[in-house]
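The numbers here are math on the coordinates, done by the rules we state, and not lab data. All figures in this text were calculated on a predicted structure; none of them were measured in a lab. Counting neighbours? That spans all protein chains shown, and the Cβs are built from the backbone with ideal geometry, glycine included.
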Amino acid sequence: MGRLFKVETHLHTAEGSACAKSSGAEMARAYKAHGYDTIIITDHFFGGNTAVPKNLPWEERIDRYFKGYENAKAEGDKIGLTVLPGMEWAYHGIEFLTYGLPKSWLCAHPEMEEWEPETFMEKAHMMDAFIVHAHPFRWSDTPMLYPLYVDGVEVYNAGNPDKANELAKDYAARFRLPTTAGSDEHNHAAFRGSGMAFQTPIATISDFIRAVRTNQPYEALLSDGKWSK
């Protein structure tokens, strides 16, 4: 097998996520140093642990939300790392990694803060977004699941206990849903590193969505530092 292209699917920056310790630029440099080709910034959106103040006008909140991605991309452009935008949309602790929603669409929908998951996913799908249930069993072995709405399941998350990841794999297999893996990284100084390694490069969000949607073979980086199919 030839070279694999390493992609981080789930990471947070201090600009967008209140729980993150590292800036977008710091994250970009760390991933480049660890041999990644592409990273996707998935900061917590406003229903989750966002770093964006709630008392600002909506469009200003969206601008602030994208700062982590924009700073990571600016650094990535300098050092030869592809940086793509994503988001982690949340509803009462249930979180969905969402890929393919443009900033302009978010700016146009301030009412989305009032949406329940089904509404969010239905409207996001109208934009051809791809939605992955993030770490579905992290907090409970009987969580609220949405197999008829999500497009995939995060079956390996470096911040999860093994049992939670195993349950996620079983869930994806039962409903024949595509799978993803990611680190859920928050701190470049305590780098765990996970993600997906593909046989073809991921240069755009459309590339990533296509690869996952079509079940393109990938390897996942596990907590022992090894890549596994």
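Residues whose amide H lies under 5 Å from that of Ile41, counting only those 5 or more places away or on a different chain, are Leu84, Gly86; hydrogens are built 1.01 Å from N in the peptide plane.
Note on the chain: GNM, Cα springs under 10 Å; of Tyr36, Tyr65, Tyr171, the largest mean-square fluctuation is that of Tyr171.
By the beta-carbon count within 10 Å of each Cβ, the least crowded to most crowded order of Asp37, Asp63, fewest first, is Asp63, Asp37. Add -39500 (n - 2.57) for each DSSP H run of 4 or more in the chain, then divide by its residues: what number comes out at 222 nm, to the nearest 500 deg cm²/dmol? Here the helix-only value at 222 nm equals -8500 deg cm²/dmol. The fewest-to-most ranking of Arg3, Arg138, Arg213 by surrounding Cβ atoms within 10 Å reads Arg3, Arg213, Arg138. Taking amide H atoms as placed 1.01 Å from N in the peptide plane, the amide H of Thr179 lies under 5 Å from those of Val153, each 5 or more residues away in sequence or on another chain.
Go ahead and run the numbers for FRET between Leu56 and Ala189, Cβ-Cβ distance against an R0 of 30 Å, rounding to 0.05. Given R0 = 30 Å and the Cβ-Cβ separation, E is 0.50. List the lysines whose Cα lies under 17 Å from the Cα of Lys103, skipping any in the same chain that are fewer than 8 positions away. Output for Lys103: Lys67, Lys73, Lys123.
Basic side chains Lys and Arg get +1 at the Cβ, acidic Asp and Glu get -1 at the Cβ, and with that the dipole of the range 5-228 about its Cα centre reaches some 520 debye. Have a look at Gly47, Gly24, Gly152 and tell me which one the Gaussian network model of the chain (Cα, springs below 10 Å) gives the largest fluctuation. Evaluated over the chain, the most mobile residue of the options is Gly47. For the range 28-40, 3J(HN,Hα) computed residue by residue from phi via the Karplus equation (6.51, -1.76, 1.60; θ = phi - 60°) reads 4, 5, 5, 5, 4, 5, 8, x, 7, 9, 9, 10, 10 Hz, glycine and proline entered as x. What percent antiparallel are the DSSP beta bridges of the chain, to the nearest 5? Here the antiparallel bridges make up roughly 55 percent for the chain.
Residue separation of Ala33 and Glu113 scaled by 0.36 nm, minus their Cα-Cα distance, works out to 25.1 nm of gained length. In order along the range 66-76, phi translates into HN-Hα couplings of 7, 4, x, 4, 5, 5, 5, 5, 4, 6, x Hz, rounded to whole numbers, per the Karplus curve 6.51 cos²θ - 1.76 cosθ + 1.60 with θ = phi - 60° and x for Gly and Pro.
How much of the DSSP bridge set in the range 3-133 is antiparallel, in percent, rounded to the nearest 5? Expressed as a percentage, antiparallel bridges in the range 3-133 total about 60. As a rough footprinting exposure proxy, the listed residues His34, His44, His186 were ranked by other beta carbons within 10 Å of their own, and the order from fewest upward is His34, His186, His44. Round to a whole angstrom and tell me the spacing of the C-alpha centers of the range 1-31 and the range 122-162. Centre-to-centre (Cα) distance: 20 Å.
Over the chain, what lengths in whole Å, largest first, do the semi-axes of the equivalent ellipsoid take, defined as the square roots of 5 times the eigenvalues of the alpha-carbon gyration tensor?
Working: eigenvalues 113, 96, 53 Å².
Computed over the chain, the values are 24, 22, 16 Å.
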